[in-house]
Structure formats: C-alpha cells, structure tokens
1. With a cut-off of at least 1 residues that are at pLDDT 95 or above and over 27 Å from Gln88 (Cα atoms), name the strands (runs of 3 or more DSSP E) lying wholly within the stretch 208-305.
2. Just the residues that are farther than 30 Å from Val182 by Cα and either at pLDDT 90 or above or within 23 Å of the chain's Cα centre (by Cα) (or both), please, taken from the stretch 117-164.
3. Based on this model, can you work out whether Ile112 counts as of a type in the set (A, V, I, L, M, F, W, C) and either in a loop (DSSP other than H, G, I, E, B) or on the phi > 0 side of the Ramachandran plot (or both)?
4. Inspect all residues belonging to the stretch 135-148 and state whether any of them is under 30 Å from Gly101 (Cβ atoms) and buried (at least 18 other Cβ atoms within 10 Å of the Cβ).
5. Filter the stretch 247-260 for residues that are in contact with a Leu (Cβ under 8 Å, 6 or more places away or on another chain) and of a type outside the set (A, V, I, L, M) and give the result.
6. Contact list please: Cβ distance under 7 Å, first residue in the stretch 171-195 and in a helix (DSSP H, G or I), second residue modelled with pLDDT of 95 or more, pairs at least six apart or on different chains.
7. Being free of Cβ contacts under 8 Å to residues at least 40 places away in the same chain, in the same structural domain as Ala57 (by TED's automatic domain parsing), surrounded by 15 or more Cβ atoms within 10 Å (Cβ to Cβ) and not charged (D, E, K, R) narrows it down to one of Ala267, Ala289, so name that one.
8. Within the stretch 236-251, how many residues are surrounded by 13 or more Cβ atoms within 10 Å (Cβ to Cβ) and over 30 Å from Ala225 (Cβ atoms)?
Amino acid sequence: MKPSHNRMMRTAVLAGLLITCGFAGAFAQTELEKALKQYNGDAVTGYIQPVADLFGADIQAGYYHNAAIPVNGFSLGFDIVVMGSIVQDAQKYYTANTPPGFTPATFKTATIFGGKGTTILNSLISGLQYKGSDGIFNTTIFPLIVPQLRIGCLYGSDVTLRFITLPSIGDNKFPVVTLWGVGVRHNISQYLYNSPLDLAVGAYYNSFKVGDLIDFKGYAFNAQASKSIKILILYGGLAYEHSSMNLTYASTDPTAPPLVDMTLDGANKFRFTLGVGLSLGILKVFADANFGSVTNYSAGIGFGR
C-alpha cells in the first residue's frame, strides 16, 4: 500500500528537523567554544567570519520556486528545502596577528573551515610557540535544511513561514536552537496586460539562534520571474539582502573583556538566482543556483498547490 500524503509530509518534516538540528548542534559543540575563548573580539573576526558569510547566504535561500501567485482563492503548500553555500579556498585561511615578540608580526592560519592552525616561534625566547586554532568544519559546502509552509492568496499575495526549535538538552550542554523566517510576496503580473512572464516581488526576514552563543539575523528584498512550459518551470530573480551574526562568549584572552559581544556582517549584498522546477500535480521538485559574493545552491520538494 502506498503511504498517504500526510504520512509522507510528516516523515519529511521529521527528517528536516533532525538534519537541521544536528547541523545547528555543531555550533554548540565544545570545540567551537574552546576555540573562541582563546580570542578577543578583534582577533576572532578572521577565524569566524566565513560562518557569517556562508550561513548568512544559506538562510536567505530557497524561499520561492515559482513567481506565479493566484490573484484569489486559497492555496497551501509545504516544502522541504536543502541549501548549501560553497566554501572557497580563500575562506579556509586568514592572516592573523601574532603576540608581541613573535616573528613574523602576521601569519597565515586556519579559519573555522581550515585544517590545522599554524605554529610560529618566539624570536626572543627559544622554544616558546604560538599556535592558531585548528579548523572545526572539514567541508566544501556549508549546508542547511528547513521545512516551510506557503499560504495564499489574498489579492495576489502569499506568505511563507519557516520554524524549527530544539529545546535544551542536559545541563546546558546542548542549548536551545531556534530557526524561524517569514516571507511575503505579491503578484506584479496582475497589473501588466498580457505579460509573457509571471512576475512577483518579495520581502523576507530570518532568525537563527543557538543558546546565548550565536544569533543570526537577515532580511532580503527581491524581484522574481518565472515561465511555465507544460510541467517545466524556469524561474529566477534578483535580490538585495543583508545578514549579520552576533557572537557572545567568555574569553580567556587577558586583553579582552570577560564577555566578548560582537557582530559580523555577512558578505552577500546582492544575489542573482537561476532555477528550474517540475510541477507534477501536487508534487513539486526544484533546484536553483544563487550567485553573489557567496555561491549558494538550493533544492527541494514541495507538496500542494
């Protein structure tokens, strides 16, 4: 017997929760907290900046796969979206400052996506060494998976909602993880006579928190276009976006305040999206590429109108 659509959707939601929360848990691992504690706010920037860039691009991806929005009537859809930002070689290393007395004054060492941290010697005291932190994520793509619900339509507008939460586990060993996002789109084609393309504009806001350690925020505004050719859907868009990562941690660096509180902006400001999808009745399959300061890919399956 074939499983019901409700059962399939419940299974997809569960898979999305498990994978996303497992990924988010990586932020909460002691390896990251131990690495951060060695740095003051200025020194940690180069080490952790790639996370702000890559994850900031991830949370803005995958919100749409068709610019066609009915002008009236009720529509409901559910998507599971997988997105990933590509880790470039340049994001695996950064130039760090060395403590006084070490030569050279700067050195190239691993970011959070690099390998082993570089070790240098003190030029005045024989045997005294300084070592940059090792990388934590050994990967070429920084992934995320989220479920989202689409609800429409009111005067050619629809709403997309994302939400995942994981309660704290143990004695604060695994902090509360929460991801949520909301997007609103509006049909522009309805104002244009005999438009050859479906056109829409959208606005989005996203939040991702891991306990008191990491707090991501992001927003985006985009213009979307699509063309349906039987079951094939070609879509794309241009977006302006902004993301930031607030980092709060206790530092053991004697030059740092007891509690470091800093914010890093993500690299992406604009993104150009090209995608293709298949509409197979209530089942939708889609994939797209996003080009900006960070290269990002997203794909997924959807159910509904």
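The values are calculated or read from the model by the stated rules, or taken from the named source; none is laboratory data. On a predicted model such as this, the values are computed, not experimentally measured, just so you know. For neighbour counting, all protein chains shown are included, and Cβ atoms are generated from backbone atoms with ideal geometry for every residue, glycine included.
1. Because the criterion is at least 1 residues that are at pLDDT 95 or above and over 27 Å from Gln88 (Cα atoms), the strands (runs of 3 or more DSSP E) in the stretch 208-305 that meet it are 214-229, 232-250, 270-280, 283-291, 296-304.
2. Asp134, Gly135, Ile136, Asn138
3. Criteria met by Ile112.
4. Yes: one or more hits.
5. Thr248, Tyr249, Ser251
6. Every condition considered, the pairs that remain are Ser189/Asp198; Ser189/Leu199.
7. Ala289
8. 6
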